[in-house]
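> Shown below is the structure under consideration.
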Amino acid sequence: MAETLGFCEEMRPESCGLILFGATGDLAARKILPALFGLCEKNLIPKNFYMLLSGRTPLERSALESRLWTAMNNAGFTPAPETFGAFLGRLEYLQADYDSADFYRVLSARLDELDAKYGINKKRLFYLATPPAAFEPIVNMLKAGGLLADPLDCACWSRIIIEKPYGSSLETASSLDAGLKKAAAENQIYRIDHFTGKETVQNVLALRSANHVLDGTLNCRFVDHVEITVFEELGLEGRAGFFEKMGLARDMMSHILQLAAITAMDLPETFRDTDFKAQKKRFFESLRPYTRPEVAASVVRGQYAGYLAEPGVAPASAVETFMAFRFEVDNDRWLGVPFYVRAGKKAGKKQTSIDVVYKKPERGIFRHIDIGYPNVLSICIQPEEKVTVSLVSKHPGPKLCFAERGMSLDYRPDAREAPRYPTDYERLLIEAMSGDQTLFLSSLEMRLMWEFLAPLLEAWTEAPDENPLRVYAAGAPGPAQAEELLKKEGRSWV
Ligand code: BG6
């Protein structure tokens with residue numbers, strides 16, 4: 001029987017064209033093209049919609065189609081011929097030369113033709129799935145080619161989606177941002193962090209807003225500490241070139257802080273853009289950057305055994321594949337509550353979760369007794385999608401004994417429904433087509449993230465002896481020092 005729904009709100013994507021630069025690259029094949037196909041298959045695209053794929057590689061139509069077929073298969077789709085045909089019918093390929101003004105002239109003319117064919121009034125979403133070094137030059141060329149002008153008297157729009165890495169340091173990120181802003185306004189720039197598009201991540205704020213019983217306890221009066229775990233079973237997966245430059249901290253910090261933000265930020269007045277962003281900004285501003293001694297005491301970095309033997313990894317690489325750290329949120333709500341994070345590649349089974357560990361009762365009958373268990377609110381983001389609360393109750397029987405019990409909310413009780421829901425990338429594409437930046441990262445948020453990360457990265461480079469790289473066995477939940485981080489404060493990971 002269909003569930004009765006309470007308050008509902010829906011984002012409606014506007015008619016538009018999507019232009020995918022870097023269409024023959026890895027990101028496009030793994031994430032973006034499957035997401036576009038998924039949207040078509042789920043009938044979530046606007047009625048008037050086309051895709052223009054562009055990349056440096058010359059591609060005949062048949063080669064394009066077989067590449068797309070392979071990409072869908074690799075992403076787990078076995079499209080029905082008519083669905084795949086309908087997808088192909090909305091797309092075409094244009095070979096790119098990103099540095100040439102001629103290319104943008106040809107592109108502009110073709111977009112005008114496609115707009116006319118599909119009945120679209122110059123509404124264009126440019127997805128830059130290129131290496132980050134190409135972002136600024138491409139955006140400049142788009143501007144020079146008149147492709148970013150959104151005259152006030154026109155209902156048309158042009159938006160740009162970019163993906164991390166947004167620079168590799170505070171300086172390079174700021175310079176990238178300043179460069180982009182010379183050509184495009186902030187409301188045209190959509191910075192993706194795909195974690196914000198995950199159903200279960202959005203559910204955190206939904207749960208908090210709709211259930212006083214939860215949000216009313218998320219503060220220093222009740223909470224002992226918060227744990228965030230982002231473990232991946234996989235290692236490099238052929239991405240050594242990228243990972244050797246980035247390392248885990250740069251690669252994952254944005255995702256981690258997004259999880260922390262939705263857990264700890266004050267609830268916004270509304271779910272949408274300005275209110276949401278304002279509260280998220282306040283959360284980011286309350287992250288205190290580390291001092292050098294704090295890095296040594298509060299941050300652990302690790303590398304899995306065998307990393308150095310991975311193809312493409314430098315023989316003496318000191319790149320981290322794991323990190324654990326402790327931080328505090330400097331505001332009244334979270335005064336003195338430690339947040340512990342652990343994230344790593346080859347760190348055991350894939351697990352992304354947020355665990356809120358409550359204080360044990362310290363008054364009344366439990367004044368001098370340890371009840372034995374804290375309450376824990378566990379939000380499993382993936383692969384399991386559920387929320388559990390551990391409660392302590394009387395163990396049935398003649399004695400008064402306490403035992404741990406659980407309550408659990410299965411986020412998707414009906415697995416048959418799952419294929420109908422948008423995935424993270426699909427959701428973010430819908431939001432960008434709807435012109436809603438709520439789930440995208442603002443320029444300021446990016447800066448605050450880098451300000452948080454910068455002292456940590458500096459300490460690792462400038463004082464490696466104080467911050468040694470710890471080796472952990474592949475498949476283990478990081479090095480022993482990650483356990484120690486909590487143990488020295490009388491705690492342990494959930
Ligand atoms: C990406 C990182 O942003 O997120 C990858 O670059 C990581 O290294 C991935 O594996 C994890 O995303 P998900 O959605 O698979 O948990």
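The values are calculated or read from the model by the stated rules, or taken from the named source; none is laboratory data. Treat the numbers as computed from the prediction; the structure is a model and nothing was measured. Because the Cβ atoms are built from the backbone with ideal geometry, glycine has one as well, and the counts that use them run over all protein chains shown. For the accessible areas, the whole protein counts, side chains as well, though only heavy atoms, and no ligand, DNA or RNA atoms are used. Shrake-Rupley method; radii C 1.70, N 1.55, O 1.52, S 1.80 Å.
> Restricting attention to region 227-237, does a residue exist that is open to solvent by less than 40 Å² (accessible area, probe 1.4 Å), within 13 Å of residue 339 (Cβ to Cβ), touching an Asp or Glu at 6+ places or on another chain (Cβ under 7 Å) and modelled with pLDDT of 95 or more?
Yes; the residues of region 227-237 include at least one that is open to solvent by less than 40 Å² (accessible area, probe 1.4 Å), within 13 Å of residue 339 (Cβ to Cβ), touching an Asp or Glu at 6+ places or on another chain (Cβ under 7 Å) and modelled with pLDDT of 95 or more.
> Let me ask something additional. In the set 21, 37, which member is touching a residue at least 24 places away in the same chain (Cβ under 8 Å), open to solvent by less than 40 Å² (accessible area, probe 1.4 Å), within 16 Å of residue 73 (Cβ to Cβ) and over 20 Å from the mean Cα position of the chain (by Cα)?
37
> Given the conditions (1) in contact with a strand residue (DSSP E or B) (Cβ under 8 Å, 6 or more places away or on another chain); (2) open to solvent by less than 50 Å² (accessible area, probe 1.4 Å), which single one is not true for residue 63?
Checking residue 63 against (1) in contact with a strand residue (DSSP E or B) (Cβ under 8 Å, 6 or more places away or on another chain); (2) open to solvent by less than 50 Å² (accessible area, probe 1.4 Å), the one that fails is (1).
> Evaluate region 194-206: report whether one residue or more is open to solvent by 50 Å² or more (accessible area, probe 1.4 Å) and away from the ligand (no atom under 16 Å from the Cβ).
No; the residues of region 194-206 include none that is open to solvent by 50 Å² or more (accessible area, probe 1.4 Å) and away from the ligand (no atom under 16 Å from the Cβ).
> Another one. Of everything in region 344-384 that's open to solvent by 20 Å² or more (accessible area, probe 1.4 Å) and within 16 Å of the ligand (Cβ to nearest atom), which residue is farthest from residue 470 (Cα to Cα)?
So, considering only residues that are open to solvent by 20 Å² or more (accessible area, probe 1.4 Å) and within 16 Å of the ligand (Cβ to nearest atom), the one farthest from residue 470 (Cα to Cα) is 384.
> Give region 7-18 a look and list any residue that's farther than 16 Å from residue 192 by Cα and either in contact with a strand residue (DSSP E or B) (Cβ under 7 Å, 6 or more places away or on another chain) or not aliphatic (A, V, I, L, M) (or both), or say none.
Hits for region 7-18 are 7, 8, 9, 10, 12, 13, 14, 15, 16, 17.
> May I pose another question? Residues 248, 259: which one is under 27 Å from residue 360 (Cα atoms), within 16 Å of the ligand (Cβ to nearest atom) and open to solvent by less than 10 Å² (accessible area, probe 1.4 Å)?
Of 248, 259, the one residue that is under 27 Å from residue 360 (Cα atoms), within 16 Å of the ligand (Cβ to nearest atom) and open to solvent by less than 10 Å² (accessible area, probe 1.4 Å) is 259.
> Return the only residue of 341, 337 being buried (at least 21 other Cβ atoms within 10 Å of the Cβ), away from the ligand (no atom under 16 Å from the Cβ) and modelled with pLDDT of 95 or more.
Matching residue, one of 341, 337: 337.
> Using the structure shown, decide if residue 240 is surrounded by fewer than 20 Cβ atoms within 10 Å (Cβ to Cβ) and either in contact (Cβ under 8 Å) with a residue 60 or more places away in the chain or on the phi > 0 side of the Ramachandran plot (or both).
So residue 240 passes the test.
> Could you grab the pairs with beta carbons closer than 9 Å, sequence gap of 6+ or different chains, first residue in region 103-115 and farther than 11 Å from residue 141 by Cα and in contact (Cβ under 8 Å) with a residue 12 or more places away in the chain, second one assigned to a helix (DSSP H, G or I) and open to solvent by less than 30 Å² (accessible area, probe 1.4 Å)?
107/142
> Of the conditions (1) more than 16 Å from the ligand (Cβ to nearest atom); (2) part of a helix (DSSP H, G or I), residue 224 satisfies every one except a single condition; which number is it?
Single failed check for residue 224: (2).
> Out of everything in region 160-184 that is touching a residue at least 12 places away in the same chain (Cβ under 8 Å) and among the small types (Gly, Ala, Ser), what residue ends up being farthest from residue 21 (Cα to Cα)?
By that ranking, first place goes to 169.
> Quick one: in region 184-206, of everything that is of a type in the set (Asp, Glu) and more than 21 Å from residue 143 (Cβ to Cβ), which residue is nearest to the chain's Cα centre (by Cα)?
For region 184-206, the residue satisfying everything is 193.
Conditions tested, residue by residue: (1) of a type in the set (A, V, I, L, M, F, W, C); (2) closer than 30 Å to residue 209 by Cβ.
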site: 4; (1), (2): no, yes
site: 34; (1), (2): no, no
site: 56; (1), (2): no, no
site: 69; (1), (2): yes, no
site: 75; (1), (2): yes, no
site: 98; (1), (2): no, no
site: 116; (1), (2): yes, no
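> Would you call residue 282 farther than 23 Å from residue 214 by Cβ and basic (Lys, Arg)?
Criteria not met by residue 282.
> If we scan region 167-183, do we find a residue that is within 24 Å of the chain's Cα centre (by Cα) and within 14 Å of the ligand (Cβ to nearest atom)?
yes
> If you check 296, 324, which single one turns out to be closer than 20 Å to residue 250 by Cβ, open to solvent by less than 50 Å² (accessible area, probe 1.4 Å) and in a helix (DSSP H, G or I)?
296
This table checks each residue for (1) at pLDDT below 95; (2) among the hydroxyl-bearing types (Ser, Thr, Tyr); (3) under 27 Å from residue 270 (Cα atoms); (4) open to solvent by 20 Å² or more (accessible area, probe 1.4 Å).
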position	(1), (2), (3), (4)
413	yes, no, no, yes
425	no, yes, yes, no
432	no, no, yes, no
442	yes, yes, yes, yes
456	no, no, no, no
463	no, no, no, no
469	no, no, no, yes
477	no, no, no, yes
487	no, no, no, yes
